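Take a look at the structure below.
Every read-out reported here was derived from the displayed coordinates using simple, explicitly stated rules and does not represent laboratory data. What you see is a predicted model, and the numbers here were worked out from it, not measured in a lab. With ideal geometry, Cβ positions are generated from the backbone for all residues, glycine too; neighbour counts draw on all protein chains shown.
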Amino acid sequence: MPLMEVKNLEMTYTDEDVATPVLRGLSFKINRGEFVTVMGPSGSGKSTLLHILGLLERQSGGEYFFGGKQTGEYSEDEIAKLRNKKLGFVFQSFNLLPRTTVLENVKLPLLYSGIKEELWNAMAHKAIDAVGLSHRLDFEPSQLSGGEKQRVAIARALVNNPEVIFADEPTGNLDSKSGEVVMDIIQKLHNEMGHTVILITHETYTAEYAERIIRLRDGVVESDTKVLNRRTNKLFQK
Amino acid sequence: MPFHHTARIALAGLKTNKTRSALTTLGIIIGVTAIIMVVSLGQGAKDLILSQIEGLGARVIGIIPGRQPKGPTDVLATLTASLKERDFIALQRKENVPHAQDVIPLVFGSETAYYDGQTYRLTIFGGNEAMADIYDAYPEPGRTITIDDVRGGADVVILGKTAADELSQGQSLLGERIKIKGRNFLVIGILPEKGAGSLINFDETAFMPYTTAQRYIFGIKYYNRIIVRADSEENVTATVEDVKATLRELHGITDPDKDDFGIETQADLLKTVGTVLSTLTVFLAMVAAISLVVGGVGIMNIMLVSVTDRTREIGLRKALGATNRNILTQFLLEAIILTGIGGIVGILLGAGLSFAVSLVISNVFGLAWIFTFPVGAAFLGIVISTVVGLIFGLYPARKAAAKSPIEALRYE
């Protein structure tokens, strides 16, 4: 059973009676433990697809099965719980809480998790350690570089040990060197920790960290290919 | 999610916007401070005034001349001269009013006194030998009015402290003669300073025999009051009835509605004045409470701005697993914490200011003003401000909870 499966997925936004179709019938499966990049020019619907796959938004047509179950059958609270336990998000613009320390930012998902508070510190420390920021625990976002901010965001996505990590243009706001560090960590999450990773990018260079690339154009799948020469970055590998 | 986690998130949210939070609370702080001050000062004023009425003594019964007004258009009925000498004599008889210990006819009015080129406008009280005891106004130095002074209509006067000082310009007036209405009066006593805040400002008065005052000062044959003092508190009610019966018989009145006199006891006065003052305090407190509603609107306004400002934060929290209820509770708690803190600060501030005012009043003005902490108003202040937070926080909180995570994350 695939972890995620979409059948004829459609998404149309309606604003003041003007319907704008963004996704026009996508079908594919993603298995547990895969590292998939979704590529496409801007306007191709890749962000919308990620939002639907990440249960941040509901599709307007077609079917989406997560863990074998129609997502339409989940209640709002169940979806909130899925986002909390099974999904982790990394955004292009980091979305860290200002004036809040690295440690507290990383703990944020735990607040909604129902996990005992005694365990929070250990879990947060482990996640922060995984992105190599243990020396920045008490820093606030304004004191961090862009690359470091994104690593905090990754630690936050990681802290609940989710099944899938969604990364929406994680390197889009970073210089190439910081971007490489971030991509290296994301790849490590997949290679070493076994997370399913779904990455969105428009850069071929970044896309090739993945095992598989789904290319979108005008709301349909243009191609779905395996990456033959996967990029690996040695920077962080032990 | 456990409640204390939500509370912690809400507190953290408020802490990251310290200035805004503080300014938002200000409306509530001012409102609660105003309520506490109004109630505390109102209580202080009430206690002070009531204690002065009590100072007259529970055994004192005042008889007022004239039919008592039954309505606002009935004022003229009071302007009568229905209390005369025969009433005074009748009330003194033991067979009429057995429990009357003292009976004092009173006449009063304002007149100008002259001494050595100085003038002073006095409030003149004409009474008898029992007057000093009832008002606790014993001259020092000097002597009280005697029964012989009253019988003979002696030209003697006892001056209040201020009156004496103003007329004499420093030297002692005891044994001197002052002129009132062209007649010379021997000063037989000076009252020690009583301070303001008595119902009657004794410092600016002159006491003299009522006979003298009637004859030479006011030129009247009636009394402005007759005061009866019962021999014990238990006998006050009986004495009131005896007084009524005596006067009705004397005046030929059969229908109590046609009484041409009124009776005032300390208990009546306490009740009337107490009710008036309490009503006034409640009214002022309600006016102050309106400012709490204004404060609540301020909270709602800022919370709405805050919800818009923090759209991304809300979206993020939802993306990380917060339910609608989590977000609703968080923003509602933020509002309630703001108003709750405002309530507590307002109570402390209001109590502190009331205490300061009570110190000023008692020390500068020399009044027996007692500071009271209004427990009821404080409790009410906390409850109202919290409810204000709940009501005015609900709309912004619902707005926050209703945001879709992706809309919230897209918001720039």
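Take B:122-128, B:164-170, A:219-225 and order them by the average number of nearby Cβ atoms within 10 Å per residue, most first; the result is B:122-128, B:164-170, A:219-225. Taking 0.36 nm per residue of sequence separation and removing the Cα-Cα distance, the B:LYS221/B:LYS181 pair yields an extension gain of 12.7 nm. Can you pull the percent of Cα pairs in the stretch A:88-227 with separation above 27 Å? Across the stretch A:88-227, Cα pairs with separations above 27 Å total 21 percent.
Diagonalising the gyration tensor over the Cα atoms of the stretch B:319-412 and scaling each eigenvalue by 5 before taking the square root yields semi-axes of 45, 12, 8 Å, largest first.
Which whole-number percent gives the relative contact order of chain B, counting Cα pairs below 8 Å spaced six or more residues apart?
Once divided by the residue count of chain B, the mean separation gives 29 percent.
Put the Cα centre of the stretch B:91-161 next to the Cα centre of the stretch B:279-315 and the gap is 60 Å.
When the convex hull of the C-alpha atoms of chain A is computed, what volume per residue in Å³ does it have?
Cα convex hull per residue, to the nearest whole number: 136 Å³.
Which value does Rg/Rh take for the stretch A:137-215 over its C-alpha atoms, Rh per Kirkwood?
Working: Rg = 12.5 Å, Rh = 13.0 Å.
Value, to two decimals: 0.96.
The mean sequence separation of alpha-carbon pairs under 8 Å and at least six residues apart, normalised by the residue count of chain A, gives a relative contact order of 27 percent.
For the stretch B:81-259, the convex hull spanned by the alpha carbon atoms encloses 122 Å³ per residue. The mean number of partner chain beta-carbon atoms within 10 angstrom of a residue's beta-carbon across peptide B:110-121 is 0.
Straight Cα distances below 18 angstrom link B:LYS181 to the lysines B:LYS221, with same-chain residues fewer than 8 positions distant left out.
If the Kirkwood radius is taken over C-alpha pairs of the stretch A:100-168, then at 25 °C and 0.890 mPa s the Stokes-Einstein diffusion coefficient equals 206 µm²/s. For the peptides B:110-121, A:56-67, the ranking by packing is A:56-67, B:110-121, with the highest mean count of neighbouring Cβ atoms within 10 Å listed first. Counting, for every residue in A:55-63, the Cβ atoms of other protein chains within 10 Å of its Cβ and taking the mean gives 2. The order of the peptides B:212-221, B:229-238 by mean Cβ neighbours within 10 Å, most packed first, is B:212-221, B:229-238. In plain terms, the bigger the Kirkwood radius, the slower the diffusion; for the stretch A:41-114, with that radius from Cα pairs, at 10 °C and 1.306 mPa s, Stokes-Einstein puts D at 112 µm²/s. Backbone amide hydrogens, once placed in the peptide plane, bring A:LEU9 within less than 5 Å of A:GLY25, A:LEU26, A:SER27, A:GLU63, excluding anything fewer than 5 places away on its chain. 3J(HN,Hα) couplings calculated from phi for the stretch A:216-225 with the Karplus curve 6.51 cos²θ - 1.76 cosθ + 1.60 (θ = phi - 60°) are, in sequence order, 10, 8, 6, x, 10, 6, 8, 7, 9, 10 Hz; Gly and Pro show x. Both radii were evaluated on the Cα set of the stretch B:207-330; the Rg over Rh quotient, with Rh as the Kirkwood radius, amounts to 1.51.
The stretch B:333-372 and the stretch B:1-56 have Cα centres lying 9 Å from one another. With no solvent and one equal point scatterer per Cα, compute the Debye intensity ratio I(q)/I(0) for the protein assembly as shown at 0.05, 0.07, 0.09, 0.12 Å⁻¹ and report its log10, rounded to two decimals. The Debye formula, applied to the Cα set alone, gives -0.50, -0.64, -0.82, -1.19. For the residues B:PHE202, B:PHE373, B:PHE365, a GNM of chain B with alpha-carbon springs under 10 Å puts the largest fluctuation on B:PHE365. Here the dipole of the protein assembly as shown is about 2380 debye; that uses its Cα centre as origin and unit charges on the Cβ of Lys and Arg (positive) and Asp and Glu (negative).
For the stretch A:63-154, the convex hull spanned by the alpha carbon atoms encloses 119 Å³ per residue. Of the residues B:ALA289, B:ALA356, B:ALA58, the one that moves most in a GNM of chain B with alpha-carbon contacts below 10 Å is B:ALA356.
Averaging the Cα positions of each part gives two centres, and for the stretch B:377-412 and the stretch A:29-90 these lie 31 Å apart. Among rounded, prolate and oblate, which fits the stretch A:1-86 when a ≥ b ≥ c are the square roots of the eigenvalues of its C-alpha gyration tensor, a/c under 1.5 means rounded, and a/b larger than b/c means prolate? Cα axes put the stretch A:1-86 in the oblate bin. Two numbers describe the Cα atoms of chain B: Rg and Dmax, which are 32.5, 102 Å.
Helical runs assigned H by DSSP (4 residues or longer) give the protein assembly as shown a calculated mean residue ellipticity at 222 nm of -15000 deg cm²/dmol, each run adding -39500 (n - 2.57) before division by the residue total. Reachable lysines from B:LYS194, Cα under 21 Å, same-chain residues fewer than 8 places away excluded? By straight Cα distance, B:LYS194 reaches B:LYS46, B:LYS161.
Take each residue of peptide A:47-54, count the partner chain Cβ atoms within 10 Å of its Cβ, and average: the result is 2.
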